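To start, the structure under review is shown below, and the notes come after it.
The values are calculated or read from the model by the stated rules, or taken from the named source; none is laboratory data. Quantities reported herein were computed from a predicted structural model and do not represent experimental measurements.
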Amino acid sequence: MNQPQTNSATGSDNQSNGSLLDQAQQLIGQENLGNLLNQVGPSLKKAGSSIGKLSTTQKIVGGALILLGAVVLTTRGKNSASTEPDDTATLRELLYFVNDRIEGYQRAVNESQDAQKRGYYKQLVSQSQRFANELNAYLRELGGGRETSTTLKGKLYRRWMDAKAAVTGSDEKAILGANIFGEEWALKAYEDALSSQSLTGELRQEVERQYAQSQKTYEELKQQQAQQ
């Protein structure tokens, strides 16, 4: 999450993502995947820690996907520094994760079989879309256009969840766990944006407001998890 991404980085993701699973499967047979995951950042380590309940093959494929994402993010972070002003770059980076939030909760809507939970997830999709629209309005004012891309890390995580669901199925507990993990990513993105000091005035107030609502959502999701 700490590596900035540019339009060129995210714009090419759709072309490269199709081969990521194939690349991951080529790594099956490698040992000590945990040692490899120790080379990635804290957020990706969290994803790696959730692999423990899967089969050996799933562990390796899932972990390889995460590792590949870390390698790509690190490479792009070194080779494609943003030329945008700090406030524009910070806002765009945040939008990548807000767009991840939309995709994550839409996935939950599509997979959940619980009518009450699906209704709640739909509310969170709408909330995330409002967040994105509000931030994009500020981005346009700054001359940055509209940002609808998601992060490569988010794409990899959803791809891994697809692979997991295809083998083990999806249940409400797993869906909720994925939502909690996604909300943790969103919270970290808001914290990074606010700590940069590049956002000021009404824009900063809007980001703070969204951060507070994301914190409330996270607490509600954790409460649901405790009740399971």
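I'd like to verify a number: residues in the range 166-185 that are of a type in the set (Val, Ile, Thr) and modelled with pLDDT under 90, how many?
Final tally of qualifying residues: 2.
So which residues in the range 129-150 are small (Gly, Ala, Ser) and in a loop (DSSP other than H, G, I, E, B), if there are any at all?
Listed by number, the residues that qualify are Gly143, Gly144, Gly145, Ser149.
Quick one: which residue in Leu152, Leu194, Leu187, Leu156 is over 12 Å from the mean Cα position of the chain (by Cα) and among the hydrophobic types (A, V, I, L, M, F, W, C)?
From the options Leu152, Leu194, Leu187, Leu156, the qualifying one is Leu194.
Considering each of Gly119, Gly154, Gly182, Gly144 in turn, give the residue that is of a type outside the set (A, V, I, L, M) and over 18 Å from Ala193 (Cα atoms).
None of the others qualify; the one that does is Gly119.
Identify all residues within the range 179-228 that are within 30 Å of Gln116 (Cα to Cα), assigned to a helix (DSSP H, G or I) and polar (S, T, N, Q); write none if there are none.
Listed by number, the residues that qualify are Asn179, Gln210, Gln213, Ser214, Gln215, Thr217, Gln223, Gln224, Gln225, Gln227.
Looking only at the range 102-120, count every residue that is over 14 Å from Ala174 (Cα atoms) and either part of a loop (DSSP other than H, G, I, E, B) or under 16 Å from the mean Cα position of the chain (by Cα) (or both) and tell me the total.
3
Any idea how many residues of the range 197-228 are more than 18 Å from the chain's Cα centre (by Cα) and of a type in the set (Phe, Trp, Tyr)?
Residues that pass the stated criteria total 0.
Within the range 156-164, is even one residue at pLDDT 95 or above and of a type in the set (A, V, I, L, M)?
Looking for residues that are at pLDDT 95 or above and of a type in the set (A, V, I, L, M), one finds none in the range 156-164, hence no.
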